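A.B. asks: Sharing a structure below in structure tokens format, with a few things to ask.
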Amino acid sequence: MVDLPQGVWPVMLTPFTSDGAIDWDGVDALIDWYLESGVAGLFAVCASSEMYHLTEGERYALARHVVKQVNGRIPIVASGTFGGAMDLQAETVIKTAETGVDAVVALVCQIVPKEASDADWRREMERLLSLAGEIPFGLYECPSPYHRLLSPELLGWCASTGRFCFIKDTSCDMDLIVPKLEAIKGQGMKFFNANTPTLLDSLRAGGDGYCGTAANFYPDLFAWMCHYFKNEPDLAADVQRFLSVANKVAGHKYKSSAKLYLSMLGLPILPVCRDQEETFKAEDHVTLQHLIEFSDTQRSMLG
């Protein structure tokens, strides 16, 4: 099994040009910014990447480009299951693995239809694992096209196979997170919380880090949290309060807002998305500027 590092794993945005093509220069600038922020790894070809609005060829090209640009400095994972017959999903998994990523992410909601049982999901996943050879997998409880959460029992089974190196959890509820952490304890599967308000509690309960949308705004603060929450409990509580409140601003008109925020930081990225078209008012710009300044205040507090 691939042993992924603990910490913050940004869900990568895909910069686009004004005419909607992938902006490869923007991708490179974004990667450099993530690396400078101290991230542990990158999740490319995910919901924040607008994966459902990329062609199959673009998904492979994006994963391959990120792997090449990062050049082994941190691990990379990318989604590789997009519905359809399981033999076809296995083909996309294999092609995704061939891009050089460290693990291929199985979208939990793409394995079986919404009405299928946990037993159905396990049976189909067993088939995918068999068809995919020795390729290492991750799991992502992607909310679209429908939101399927793994039960602790099913997640425990996944961990026991030795084929899954992490789970991106989207349950957003400590009453659900704690049993999942207990189910995978000691089995080598990393647990990355996608939910900002429950991050500190999940780390205290044994979680391994953060893999959520707000890492596209201030990944260095999440990196600090993941590394120092034990040694600096009072400061960690202060940072968590900031992260929880700021998350409401970060989520407004996301993903376009994240790209606008990055452009305000000086990155050559346009607030262009394929899956949404947002108009930003003067107050949106002011609020994002205040978020930049408030983030800097947090950095000053942390020294």
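A.B. asks: Would you mind calculating the gained length between residue 153 and residue 277 on full extension (0.36 nm times residue separation, minus the Cα-Cα distance), in nm to one decimal?
C.D. replies: 40.6 nm
A.B. asks: A further question follows. Report the full-extension gain for the segment residue 173 to residue 302: residue separation times 0.36 nm, less the Cα-Cα distance, to one decimal in nm.
C.D. replies: The span from residue 173 to residue 302 would gain 43.7 nm if fully extended.
A.B. asks: Mark the label point 7 Å from the Cα of residue 205 along Cα→Cβ and return the residues of the stretch 219-257 whose backbone N is within less than 18 Å of it.
C.D. replies: Answer for the stretch 219-257: 226, 229-230, 237, 240-241, 244.
A.B. asks: Here's something else I'd like to know. When all C-alpha to C-alpha distances in the stretch 39-162 are sorted into bins of 10 Å, what percent of pairs does each bin hold, rounded to whole numbers?
C.D. replies: In whole percents, the pair-distance histogram is 13, 47, 33, 7, 0.
A.B. asks: Net charge near residue 34, counting Lys/Arg +1 and Asp/Glu -1 over other residues with Cβ under 13 Å of its Cβ?
C.D. replies: Neighbour charge sum, excluding residue 34 itself: -3.
A.B. asks: Write down, largest first, the equivalent ellipsoid semi-axes of the stretch 107-206 in whole Å, where each equals the square root of 5 times an eigenvalue of the alpha-carbon gyration tensor. Working shown, then result.
C.D. replies: Working: eigenvalues 94, 51, 25 Å².
Result for the stretch 107-206: semi-axes of 22, 16, 11 Å.
A.B. asks: Give the cross-link partners of residue 168 among the aspartates and glutamates, using a straight C-alpha distance below 13 Å as the criterion and excluding same-chain residues fewer than 8 apart.
C.D. replies: Qualifying aspartates and glutamates at Cα under 13 Å: 141, 208.
A.B. asks: Could you work out the Kirkwood radius for the stretch 21-112, taking every pair of different alpha carbons, averaging 1/r and inverting it, reported in Å?
C.D. replies: Computed over the stretch 21-112, the radius equals 13.4 Å.
A.B. asks: So, with a 1.4 angstrom probe, what is the percent of accessible area on the chain that is carbon and sulfur?
C.D. replies: 50 percent
A.B. asks: Still on this structure, I have one more. What whole-number value in Å² describes the accessible area per residue of the chain for a 1.4 Å probe?
C.D. replies: Numbers: 12460 Å² over 303 residues.
Heavy-atom SASA per residue in the chain reads 41 Å².
A.B. asks: Kindly provide the trypsin sites (Lys or Arg not before Pro) of the stretch 224-272 that DSSP labels as loop, not H, G, I, E or B, and whose Cβ sees at most 14 other Cβ atoms within 10 Å.
C.D. replies: Passing both the DSSP loop test and the Cβ count: 230.
A.B. asks: Placing one identical point scatterer on every Cα of the stretch 86-137 and ignoring solvent, what is log10 I(q)/I(0) from the Debye formula at q = 0.16, 0.21 Å⁻¹?
C.D. replies: Taking Cα atoms of the stretch 86-137 as identical point scatterers yields -0.44, -0.72.
A.B. asks: So for the stretch 42-167, averaging the separation of alpha carbon pairs under 8 Å that are six or more residues apart and normalising by length, what relative contact order in percent results?
C.D. replies: It comes to 22 percent, rounded to a whole number.
A.B. asks: I want the antiparallel fraction of DSSP beta bridges within the chain, as a percent rounded to 5.
C.D. replies: DSSP beta bridges in the chain are roughly 5 percent antiparallel.
A.B. asks: Treating each Cα of the stretch 191-295 as an identical point scatterer and ignoring solvent, apply the Debye formula and state log10 I(q)/I(0) at q = 0.10, 0.20, 0.21 Å⁻¹.
C.D. replies: -0.30, -1.00, -1.06
A.B. asks: Let me ask another. How much net charge surrounds residue 278 when only the other residues with a Cβ under 14 Å from the Cβ of residue 278 are counted, with Lys and Arg +1 and Asp and Glu -1?
C.D. replies: 0
The values are calculated or read from the model by the stated rules, or taken from the named source; none is laboratory data. Bear in mind the structure is a predicted one, so any value in this text is a computation, not a measurement. As a convention, Cβ positions derive from the backbone with ideal geometry for all residues, glycine included, and neighbour counts pool all protein chains shown. Note: accessible area is taken over every heavy atom of the protein model, side chains too, but ligands, DNA and RNA are not part of it. Shrake-Rupley method; radii C 1.70, N 1.55, O 1.52, S 1.80 Å.
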